[in-house]
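So the structure is just underneath, and the comments pick up after that.
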Amino acid sequence: MIETIPTQLIAIGVGLAAVMAFIGLNGLVLVYLERKVAGFIQRRPGPYEVGPYGLLQPLADGLKLVGKQMFTPKGADAFLYWLAPIISIAPVLVCFLAVPFGPHVTIFKDMNVGLILILAFTGINVLALCLAGWASQNKYALLGAARDISQSVAYEIPLLLSVLPIIFMTGTFNLYEISMGQGSWPWQWHVATQPLAFVIFFICALAETNRAPFDLPEAESELTAGFHTEYSGMGFGVFFLAEYAYMIIACSVATVLFLGGWNGPLVSGWWWFLTKVYLLLLVMMWFRWTYPRVRFDQLLNLCWKWLIPLTVINLLITALVVAI
Amino acid sequence: MIKELREAVTGVWSMLVGLKITGKNFFQPQVTVHYPRQTVESLEGYRGHIDLVAKEEDPYESKCIACGTCYQLCPSSCIDLRARQQGAKAQEILPPHPDMVNMPIELKKKVAHPEEMVREPEYFYLDYNYCSLCGLCVQNCPSGALKFSSDVYLAGYSRQEFEYDLLARLRYQAQKKEK
């Protein structure tokens, strides 16, 4: 029986299970980390009741979420309503295929379109949020979805333009090769030659993953919970998990493109990669607990008036230098 | 253009300052305790419901002059007080001003010396159920007769338990101190 199943299919199954386990575990770790960081910044302990140092708190939260009733609001389009969280989490699994965690921990080494694949599949999340808002039959959800679309469409442009200089310099879309091309020390990484692109990429990543201060689609003070107002239990849980998974993807891409990937001083390896990713995630959390949420006009002004012109100038200068 | 650039630079700078503040706080020791396993000793600076301040010479008497400023300022209308006027000598007739010579005698008689008047609260109630703890009453009290109490552990079974007779409370506290 087993001999008839192609080995590639088994590999894909195992890989998918591993990726899902990784996403789930990361969700737990990040929920705990987020609450602890919030606590430390506000000079309180954070969760500390459930388990030692509150370590079991995210597990308890998860169990609570799983135990909750999942209901469809009256008048909602049930099919689209439940399709939305699935569309939100499904593409992120594919994105992990292209991420080179280490020289030996990479699923596809010769994926020539790695970066394009990630950029294309992360864009699908916009559709999921749009569907969630539209199918909920709720004005707050619809407003949240409308905000998400205008925000994501706007920030996609500087995001792509900030990635292009690296492509010009390396001449490849293959994330494995981009990682290989960088040295062990920080001055050999692309962030040393493209600091502006790195800063802009990071700002855009914050906006694309709907992280504070750009968390307008789920602005709880104005829109109750934005696009996921109506979702209960794991409906909401899946959106939440997807958000954290997209954060990891965004930080992973930033690490590969600008921070040398798995390369690091002394010994290179996947631990360097994960350290850098988690450091960036910590910075994201630090931002969240420092800055108030921006207004919508401020958000769009920042994008159209500052980020796009700056990325275009940066791109032109890079193109000129590369051509010379 | 230059103005916008300057605004952007100062904006970015202020964001970095914000990051510095929260980053510093991250590494500083926590200021909260694990209640109820631990409690704090000093509750200085805690803003509980309002309380009357006693006179220095008589702990049973409040400093309140019943002017009604707190009552008028309170946005939640949770303060209720009535003044009692004492010592006003209505009989005393001041030497008439030359302009007042031709006035009817009843009007002249009603003039009392202002220094002789003593106003004090007859009752002073606080309905803490409605208080928003804005502190306007404490800030604006002209005689410094109001303070925030440090009652943290308030609990009760009915709303009536949070309606306070502050004068009775003051006397009770003075009594307790004496014992």
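The values are calculated or read from the model by the stated rules, or taken from the named source; none is laboratory data. Every value quoted in this text rests on a predicted model; they were computed, and no experiment measured them. Using ideal geometry, Cβ is built from the backbone for each residue, glycine included, and neighbour counts are taken over all protein chains shown. The area values use the complete protein model at the heavy-atom level, side chains included, leaving out ligands, DNA and RNA. Shrake-Rupley method; radii C 1.70, N 1.55, O 1.52, S 1.80 Å.
With +1 assigned to the C-beta of every Lys and Arg and -1 to the C-beta of every Asp and Glu, and no other charges, what is the dipole magnitude of chain A about the Cα centre in debye, to the nearest 20?
It works out to roughly 620 debye.
Pick out, from A:Thr209, A:Trp185, A:Pro158, the residue whose Cα sits farthest towards the positive end of the charge dipole of segment A:129-249, with +1 on the Cβ of Lys and Arg and -1 on the Cβ of Asp and Glu.
About the Cα centre, the residue reaching furthest to the positive side is A:Trp185.
Of the listed peptides A:19-31, A:229-241, what is their order by residue-averaged count of other C-beta atoms within 10 Å, with the highest listed first? Walk me through the numbers on the way to the answer.
Working: A:19-31: 16.5, A:229-241: 20.5.
Put in order of decreasing packing, that is A:229-241, A:19-31.
What's the ranking of A:141-147, A:176-182, B:7-13 by average number of surrounding C-beta atoms within 10 Å, highest first?
On the way: A:141-147: 23.4, A:176-182: 21.0, B:7-13: 10.6.
Highest to lowest by the protection proxy: A:141-147, A:176-182, B:7-13.
Explain nothing, just the number: dipole magnitude of segment A:66-157 about its Cα centre with +1 on each Lys and Arg Cβ and -1 on each Asp and Glu Cβ, in debye rounded to the nearest 20. List each step's numbers first, then the result.
Values: 5 positive and 4 negative charges, 61 e Å.
That gives segment A:66-157 a dipole magnitude of about 300 debye.
Starting from the Cα gyration tensor of segment A:126-214, multiply each eigenvalue by 5, take the square root, and state the resulting semi-axes largest first in whole Å. Display every interim value, and only then the final one.
Details: eigenvalues 238, 32, 21 Å².
In descending order the semi-axes read 35, 13, 10 Å.
Residues of segment A:277-307 losing 30 Å² or more of accessible surface, assembly versus chain alone, probe 1.4 Å, please list them.
Residues losing area: A:Trp286, A:Thr290, A:Tyr291, A:Trp306.
Please compute, over every Cα-Cα pair in segment A:4-160, the percentage with a separation greater than 20 angstrom.
On the way: 8227 of 12246 pairs.
In whole percent, the share of Cα-Cα pairs in segment A:4-160 beyond 20 Å is 67.
Return the Cα extents of chain A along principal axes one, two and three, sorted largest first, each rounded to a whole Å.
Largest to smallest, the principal-axis extents are 63, 59, 44 Å.
How big is the B-A contact in terms of buried accessible area, both chains counted, 1.4 Å probe, rounded to the nearest 100 Å²?
Details: alone 14020 and 16030 Å², together 28540 Å².
Buried surface at the B/A interface: approximately 1500 Å².
Counting Lys and Arg as +1 and Asp and Glu as -1, what is the net charge of the other residues whose Cβ lies under 13 Å from the Cβ of A:Leu131?
Values: positive: none; negative: A:Asp77, A:Asp148, A:Glu230.
Counting the neighbours of A:Leu131, the net charge comes to -3.
For a distance above 13 Å, tell me the whole-number percent of Cα pairs in segment A:7-59 that qualify.
Values: 887 of 1378 pairs.
Here the long-distance tail beyond 13 Å is 64 percent of all Cα pairs in segment A:7-59.
Output the peptides A:264-271, A:36-43, A:208-215 sorted from most to least packed, where packing is the average of other Cβ atoms within 10 Å over each peptide's residues. Walk me through the numbers on the way to the answer.
Values: A:264-271: 13.5, A:36-43: 17.8, A:208-215: 21.4.
So the peptides A:264-271, A:36-43, A:208-215, ranked by packing, come out A:208-215, A:36-43, A:264-271.
If one computes the Cα centroid of segment A:212-279 and of segment A:58-74, what distance in Å separates the two points?
First find each Cα centre; the distance between them is then 22 Å.
Which value, in Å², gives the accessible area per residue of segment B:130-170 when a 1.4 Å probe is used on the protein heavy atoms?
Working: 2450 Å² over 41 residues.
It amounts to 60 Å² per residue over segment B:130-170.
Could you work out Rg/(2.2 N^0.38 Å) for segment A:89-164, with Rg from alpha carbons only?
Numbers: Rg = 15.5 Å, N = 76, 2.2 N^0.38 = 11.4 Å.
Here the answer is 1.36, to two decimals.
At 222 nm, what value in deg cm²/dmol follows for the protein assembly as shown if DSSP H runs of at least 4 each add -39500 (n - 2.57) and the sum is divided by all its residues, to the nearest 500? All intermediate terms of the calculation are to be shown ahead of the outcome.
Values: 19 runs with 266 residues, N = 503.
Taken over the protein assembly as shown, the calculation gives -17000 deg cm²/dmol.
Leaving ligands, DNA and RNA out of it, report the carbon-plus-sulfur percent of the accessible area of the protein assembly as shown at a 1.4 Å probe. Walk me through the numbers on the way to the answer.
On the way: 18560 of 28540 Å².
In the protein assembly as shown, the share of accessible area belonging to carbon and sulfur is 65 percent.
I'd like the mean, over residues of B:15-27, of how many other protein chain beta carbons sit within 10 Å of each residue's own Cβ. Could the numbers behind the result be given before it?
On the way: counts 4, 0, 1, 4, 5, 1, 2, 10, 3, 1, 6, 9, 2.
The mean count of partner-chain Cβ atoms within 10 Å per residue comes to 4.
Treating cross-link reach as a plain straight distance, find the aspartates and glutamates whose alpha-carbon is under 13 Å from the alpha-carbon of A:Lys74, omitting any fewer than eight places away in the same chain.
Within the straight-line cut-off, A:Lys74 pairs with A:Glu230.
Could you order A:Ser221, B:Ser14, A:Ser252, B:Ser158 by accessible surface area, starting with the largest, using a probe radius of 1.4 Å? Walk me through the numbers on the way to the answer.
Working: A:Ser221 90, B:Ser14 70, A:Ser252 0, B:Ser158 40 Å².
Sorted by accessible area, descending: A:Ser221, B:Ser14, B:Ser158, A:Ser252.
With a 1.4 Å probe on protein heavy atoms only, tell me which residues of segment A:1-46 lose at least 50 Å² of accessible surface in the complex relative to the chain by itself.
When all protein chains are present, A:Phe40, A:Ile41, A:Arg43, A:Pro45 each give up 50 Å² or more of accessible surface.
If you take the Cα atoms of segment A:176-315, find Rg, then find the Kirkwood Rh from the mean of 1/r over all pairs, what is Rg/Rh? The partial results should precede the final answer.
Working: Rg = 16.9 Å, Rh = 16.5 Å.
Answer for segment A:176-315: 1.02.
Considering only protein heavy atoms, with the full assembly of protein chains and a 1.4 angstrom probe, order A:His228, B:His34 by accessible area, largest first. The partial results should precede the final answer.
Numbers: A:His228 20, B:His34 50 Å².
Greatest to least solvent exposure: B:His34, A:His228.
What residue among A:Leu16, A:Asn263, A:Leu300 has its Cα farthest toward the positive end of the dipole of the protein assembly as shown, where the charges are +1 on Lys, Arg and -1 on Asp, Glu, each on the Cβ?
So the residue furthest toward the plus end is A:Asn263.
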